[in-house]
Amino acid sequence: MAIDFQHYIDKFIRYLEIEKNYSLHTCLNYSLDLKEFKNFLKDTPLESVDHLILRRYLAELKQKNLKSRSINRKLSCLRSFFKFLFREGYIKYNPCSLISGPKQEKHLPSFLTEEEVIRLIEIVPVKDEWSLRDRAILETFYSTGMRISELVGLDTSDIDFISGTVKVKGKGKKERLLPIGDKALEAIKDYLAKRKNKEEAVFLNKFGRRISSRAVRDIVHKYVRVASLKSGISPHTLRHSFATHLLERGADLRSVQELLGHTNISTTQVYTHLTTEKLKQVYQKAHPRA
């Protein structure tokens with residue numbers, strides 16, 4: 001009897017949610033990727049999928065001008081899916097075992113200089129509840145290096161003003177404790193003191209509910225324009241700047257890995273390329289025979 005593809009997609013997503021503790025965002029992306037693959041297969045039964053069909057699918061994605069990063073993400077989803085089916089005994093062999101993805105282009109993350117970060121933060125006029133909130137958001141991003149989802153998910157009970165730490169819920173619902181600087185704590189205190197609403201969430205929208213990731217992005221973009229900084233700066237740029245500035249000032253890679261919540265140090269190593277580039281510029285400028 002042919003395997004009902006949607007039934008096994010649902011089983012796989014439940015496995016990711018319950019056993020792997022993946023976030024709702026990741027599970028949704030995996031679900032969409034698998035539905036896209038299901039549409040490509042049309043009437044081909046799941047148990048008939050082999051490495052040749054998978055190669056045809058990757059070729060079709062390439063024809064759609066998808067970047068290598070996106071193709072590799074979709075392939076990673078299929079690898080996890082077929083590995084799950086094979087391990088559970090739903091298929092007789094794993095067709096992904098013979099497949100390799102396209103070589104990924106390496107993009108160095110963009111970051112701001114220390115002076116640019118200060119300009120971005122200090123351009124915010126601290127005059128009312130909303131400007132105090134915006135200032136606190138920028139200070140928190142740069143002080144902790146947290147992800148946008150982590151900032152949006154912050155509750156007032158997560159911040160320890162006495163010890164100067166903040167608890168964040170990262171990828172895979174893993175919690176970690178981060179140090180937070182005095183300037184960020186002061187900015188949060190000033191905002192909470194002015195805030196009329198006593199909701200549990202730290203950062204609220206104008207309706208008194210937890211702020212969304214999209215609204216936070218809009219806030220960052222707004223002040224980037226006001227500060228006349230280069231385009232393409234996002235909340236993630238502040239995370240990149242946080243990591244780069246720590247390494248430039250002598251922090252070790254393992255500590256930065258912990259602060260960023262990276263599972264693998266190879267993810268953190270991209271920041272060493274940024275600091276190497278800066279060293280090269282200093283060398284070219286300063287060495288008499290460079």
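Rounded to the nearest 0.05, what FRET efficiency do ASP4 and ARG69 have when you use their Cβ-Cβ distance and R0 = 45 Å?
Working: r = 31 Å, r/R0 = 0.70.
Between ASP4 and ARG69 the formula returns 0.90.
Which of the pairs LYS127/LYS206; LYS169/LYS206; LYS38/LYS74; LYS38/LYS92; LYS230/LYS278; LYS127/LYS230 have their Cα atoms more than 22 Å apart in this structure?
Working: LYS127/LYS206 16 Å; LYS169/LYS206 24 Å; LYS38/LYS74 13 Å; LYS38/LYS92 19 Å; LYS230/LYS278 18 Å; LYS127/LYS230 26 Å.
The pairs that break the limit, which is 22 Å between Cα atoms, are LYS169/LYS206; LYS127/LYS230.
Using the alpha-carbon atoms, what tilt in degrees (0 to 90, nearest 10) does helix 68-87 show relative to the longest principal axis of the chain?
50 degrees
For THR165, which sequence-distant residues (separation of 5 or more, or a different chain) have an amide H within less than 5 Å of its own amide H, given hydrogens modelled in the peptide plane?
ASP160, ILE180
Counting only C-alpha contacts under 8 Å and six or more residues apart, can you give the relative contact order of the chain as a whole percent?
So the answer I get is 17 percent.
Taking the Cβ-Cβ separation of PHE40 and ASP218 as r and a Förster radius of 45 Å, what is the calculated FRET efficiency to the nearest 0.05?
Working: r = 35 Å, r/R0 = 0.79.
Once the sixth-power term is evaluated, E becomes 0.80.
Relative contact order, percent, of the stretch 114-285 when contacts are C-alpha pairs under 8 Å separated by at least 6 residues? Let's see the in-between values first.
Working: 202 pairs, mean separation 40.9, N = 172.
Averaging sequence separation for qualifying contacts and normalising by length gives 24 percent for the stretch 114-285.
Taking the Cα centre of the stretch 5-98 as origin, sum charge times position over the Cβ atoms of Lys and Arg (+1) and Asp and Glu (-1), and report the length of that vector in debye to the nearest 20. Don't skip to the end; give the middle numbers.
On the way: 18 positive and 10 negative charges, 82 e Å.
It works out to roughly 400 debye.
Which lysines does LYS171 reach when only Cα atoms under 17 Å apart count, and residues fewer than 8 places away in its own chain are ignored?
Reachable lysines: LYS20.
Would you please name the GluC sites (Glu not before Pro) within the stretch 1-90 that are DSSP coil residues with at most 12 other C-beta atoms within 10 Å of their C-beta?
Sites meeting the loop and neighbour criteria: GLU19, GLU88.
Quick one: which residues, 5+ away or cross-chain, put their amide H under 5 Å from the amide H of ILE91? H built at 1.01 Å from N.
For ILE91, the qualifying residues are PHE86.
Would you please name the chymotrypsin sites (Phe, Trp or Tyr not before Pro) within the stretch 200-290 that are DSSP coil residues with at most 14 other C-beta atoms within 10 Å of their C-beta? Present the calculation step by step, with values, prior to reporting the outcome.
Values: sites: PHE203, PHE207, TYR223, PHE242, TYR271, TYR283; in loops: PHE203, PHE207.
Of the chymotrypsin sites (Phe, Trp or Tyr not before Pro), the ones in loops of the stretch 200-290 whose Cβ has at most 14 other Cβ atoms within 10 Å are PHE207.
How far apart, in nm, are two points set 7 Å out from the Cα along the Cα-to-Cβ line at LYS92 and at PHE161?
6.7 nm
Which of the trypsin sites (Lys or Arg not before Pro) found in the stretch 182-285 are in a DSSP loop and have at most 15 neighbouring Cβ atoms, other than their own, within 10 Å?
Values: sites: LYS183, LYS189, LYS194, ARG195, LYS196, LYS198, LYS206, ARG209, ARG210, ARG214, ARG217, LYS222, ARG225, LYS230, ARG239, ARG249, ARG254, LYS278, LYS280, LYS285; in loops: ARG195, LYS196, LYS198, LYS206, ARG209, LYS230, ARG249.
Those that pass, being in a loop and sparsely packed, are LYS196, LYS198, LYS206, ARG209, LYS230, ARG249.
Can you compute 3J(HN,Hα) from phi for each residue in the stretch 214-228, using the Karplus curve 6.51 cos²θ - 1.76 cosθ + 1.60 with θ = phi - 60°, rounded to whole Hz and x for Gly and Pro?
Once rounded to whole Hz, the list reads 5, 5, 5, 4, 4, 5, 4, 4, 4, 7, 4, 5, 4, 7, 6.
The numbers here are math on the coordinates, done by the rules we state, and not lab data. Note that the structure is predicted; figures quoted are calculated from it, not measured. Here the Cβ is made from the backbone with ideal geometry for all residues, glycine too, and neighbour counts use every protein chain on show.
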